[in-house]
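Single-structure report; data block below.
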Amino acid sequence: MPATPAWPPASTPRLFIDTPLGPDAAPVIDGSSAHYLLGVMRLKAGDPVLLFDNRSGEWLAVVADAGKRSLTVRIERQTRPLERVPDLWLCFAPVKKARLDWIIEKATELGVARLQPVITERTIVERVKAERIAAQIVEACEQCGRTALPALADPVKLPQLLRDWPAERALLFADEAGGAAFNSVDAPAPAAILTGPEGGFTTRERDLLLDCSAVRRVALGPRILRAETAAIAATGLWMAKHGDWSGG
């Protein structure tokens, strides 16, 4: 007897829509998402699609009506609840375009809860395009299977970040000048990681950081890392010890 095909198939497209989903929902998808489903994936009535809304988890839907520029879907069932990601913030100095894209994509895939751009004295890129970053966050979540989008905070200057810092949240300061081995520092959630710009932190900034009671100075190995490498390496190390990679 032939095996029953898997449903939904592995090739089912997966999309974020900013509309509440549920058993009785019948959302209309238009714009670029509709273009992707209709023009690229060639969906037609009866085809499946996975949707998530950053509110209620992931849902299996079936195309009920496919027009030229929009489509209506019918919710079939919930496939996954809204996930609870580890309470880790990634605070990073914005870098040049392609490298910033890489930080956003990989940090989202790794499961950070919040992305916080930080303007330092040596930050080259001070204007951050929030819409562009938000679109990258959505695309990364669609690809990696996340059901909860990481929060995106407005850029803030380093002194203000430290002035308003919540005392209960450890801030792991990745210092190119050295510090304790990352794995030797016990900093479970709630926690945050701070990585610097391409030129590193200034002496004044380092002193300011070390005066903050929540800061824990850490090192990321014996080599000098690019800003984007440091951000993702530190996130991976934390996830392996305290996050949802640890199995705890």
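The values are calculated or read from the model by the stated rules, or taken from the named source; none is laboratory data. Quantities reported herein were computed from a predicted structural model and do not represent experimental measurements. Quick reminder, even Gly has a Cβ in these numbers, built from the backbone with ideal geometry, and neighbours come from all protein chains shown. When the accessible area is computed, the model is the full protein with side chains, heavy atoms only, and any ligands, DNA or RNA have been set aside. Shrake-Rupley method; radii C 1.70, N 1.55, O 1.52, S 1.80 Å.
Here are a few things to note about the model shown:
- Region 124-248: Rg to Rh, with Rh as the Kirkwood radius over Cα pairs: 0.95
- Taken as Cα centroids, region 86-121 and region 126-142 sit 10 Å apart, rounded to the nearest whole angstrom.
- Largest to smallest accessible area among H35, H242 [probe 1.4 Å]: H35, H242
- Rounded to the nearest 20, the size of the Cβ-charge dipole of the chain about its Cα centre is 400 debye, with Lys and Arg at +1 and Asp and Glu at -1.
- Solvent exposure of E168, expressed as accessible area, is near 130 Å², computed with a probe of 1.4 Å over the protein chains only.
- Counting only protein chain heavy atoms and rolling a 1.4 Å probe, the accessible areas of R206, R84, R216 rank, largest first, as R84, R216, R206.
- Overall shape of region 63-157 was characterised from the C-alpha gyration tensor. The equivalent ellipsoid obtained from it has semi-axes of 31, 17, 10 Å, in decreasing order.
- For the chain, fraction of C-alpha pairs farther apart than 26 Å, in %: 46 percent
- Cα→Cβ-extended label distance, 7 Å offset, between M41 and Q78, nm: 2.1 nm
- DSSP bridge analysis restricted to the chain gives an antiparallel fraction near 35%, rounded to the nearest 5.
- Estimated 222 nm signal from helices in the chain, with DSSP H stretches of n ≥ 4 weighted -39500 (n - 2.57), rounded to 500: -7500 deg cm²/dmol
- Among P86, A61, A191 - extreme Cα towards positive end, dipole of the chain, charges at beta-carbon: A61
- Reciprocal mean inverse distance between Cα atoms of region 23-83 - Kirkwood radius, Å: 11.6 Å
- Computed from backbone phi with θ = phi - 60° and the Karplus coefficients 6.51, -1.76 and 1.60, the 3J(HN,Hα) list for region 130-143 is 4, 5, 5, 5, 4, 5, 5, 4, 4, 4, 5, 5, 4, 6 Hz; x is used for glycine and proline.
- Added length on full extension, which subtracts the Cα-Cα distance from 0.36 nm per residue, L152 to T202: 15.4 nm
- Across the accessible surface of the chain, with the other protein chains kept in place and a 1.4 Å probe, carbon and sulfur atoms take up 51 percent.
- Computed over protein heavy atoms with a 1.4 Å probe, the accessible surface of region 30-174 works out to 50 Å² per residue.
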